[in-house]
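To start, the structure itself, in structure tokens.
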Amino acid sequence: MTLRIAMWSGPRNISTALMRSWENRADCSVLDEPLYAAFLARTGLEHPGRISILKSQPTNWEEALARLTAPCSTPIQYQKHMSHHVPNDADLDWMADLQHVFLIRDPAEVLASYVIRRSAVTPEDLGFLQQLRLIEHLQRLNQTVTVLDSADLLQNPERRLTQLCRLLGVPFDD
């Protein structure tokens with residue numbers, strides 16, 4: 001049976017660096033923003049790399065969700081998710097089959113980093129409200145919600161990753 005870790009983040013939270021650490025494990029496969037194409041297709045938003053993203057992933061929401069629990073050849077599957085890729089009106093019951101971790105960062109730091117890349121920003125772009133919605137849903141399901149602060153992770157990566165692995169029930173692999 002595969003342990004499926006859904007790592008939820010907003011933009012500019014070191015989520016890609018964290019994903020790279022998991023993809024270097026021999027026992028782990030990675031899905032990088034598997035709901036992105038469905039989000040882009042639904043919203044019509046112009047994002048960098050839009051055309052290649054739409055070609056590389058399912059654009060249908062149900063098909064994208066099916067990938068999250070499809071058969072996997074590794075004991076661990078790490079899913080790097082952006083919380084703002086989940087529509088506000090989406091049914092969230094599919095979340096029950098995954099173990100969830102929320103990667104957070106000081107909102108002021110997120111905003112300062114975000115505006116370097118994109119001049120216009122809305123609250124929806126940053127994903128804070130969406131993360132709250134996901135956390136509240138998981139709490140209603142009585143599911144464990146783990147929160148990891150990116151500042152703590154950067155300050156002591158080995159210690160924080162060791163703790164995270166322990167919480168998820170997997171051995172730490174440096």
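The values are calculated or read from the model by the stated rules, or taken from the named source; none is laboratory data. What you see is a predicted model, and the numbers here were worked out from it, not measured in a lab. For neighbour counting, all protein chains shown are included, and Cβ atoms are generated from backbone atoms with ideal geometry for every residue, glycine included. Heavy atoms of the whole protein, side chains included, go into the accessibility calculation; ligands, DNA and RNA do not. Shrake-Rupley method; radii C 1.70, N 1.55, O 1.52, S 1.80 Å.
Under the criterion of Cα pairs below 8 Å and six or more residues apart, the relative contact order for the stretch 8-112 equals 43 percent. For the stretch 58-152, the average shadow cast by the Cα convex hull is 7.7 nm², which is a quarter of the hull's surface.
Over 22 Å apart: what share of the alpha carbon pairs of the chain falls there, rounded to a whole percent? Don't jump to the answer; show the numbers that get you there.
Numbers: 6557 of 15051 pairs.
Pairs farther apart than 22 Å: 44 percent.
Surface composition of the chain: carbon and sulfur make up 52 percent of the accessible area, probe 1.4 Å.
Any idea what the dipole of the stretch 69-174 comes to, in debye rounded to 20, about its Cα centre with Lys/Arg Cβ at +1 and Asp/Glu Cβ at -1? Can you show the working numbers first?
Numbers: 9 positive and 14 negative charges, 30 e Å.
Computed charge dipole of the stretch 69-174: roughly 140 debye.
Considering only 108, 22, 85, and ranking their Cα positions along the charge dipole of the stretch 1-113 that arises from unit charges at the beta-carbon of Lys, Arg, Asp and Glu, the one farthest toward the positive end is 22.
Ligands, DNA and RNA aside, residue 135 has an accessible area near 40 Å² when probed at 1.4 Å.
Which whole-number percent gives the relative contact order of the stretch 1-57, counting Cα pairs below 8 Å spaced six or more residues apart? Contact order relative to length: 23 percent. Among 102, 172, 39, the sequence by solvent-accessible area, most first, with a 1.4 Å probe is 172, 39, 102.
Accessible surface area normalised per residue over the chain is 53 Å², counting heavy atoms of protein chains with a 1.4 Å rolling probe. A DSSP coil position with no more than 10 other Cβ atoms inside 10 Å describes the following GluC sites (Glu not before Pro) in the stretch 1-74: 46.
If each residue of separation counts as 0.36 nm, what is the full-extension length gain between residue 117 and residue 27 once their alpha-carbon separation is subtracted?
On the way: separation 90, 0.36 × 90 = 32.40 nm, distance 3.41 nm.
Value of the extension gain: 29.0 nm.
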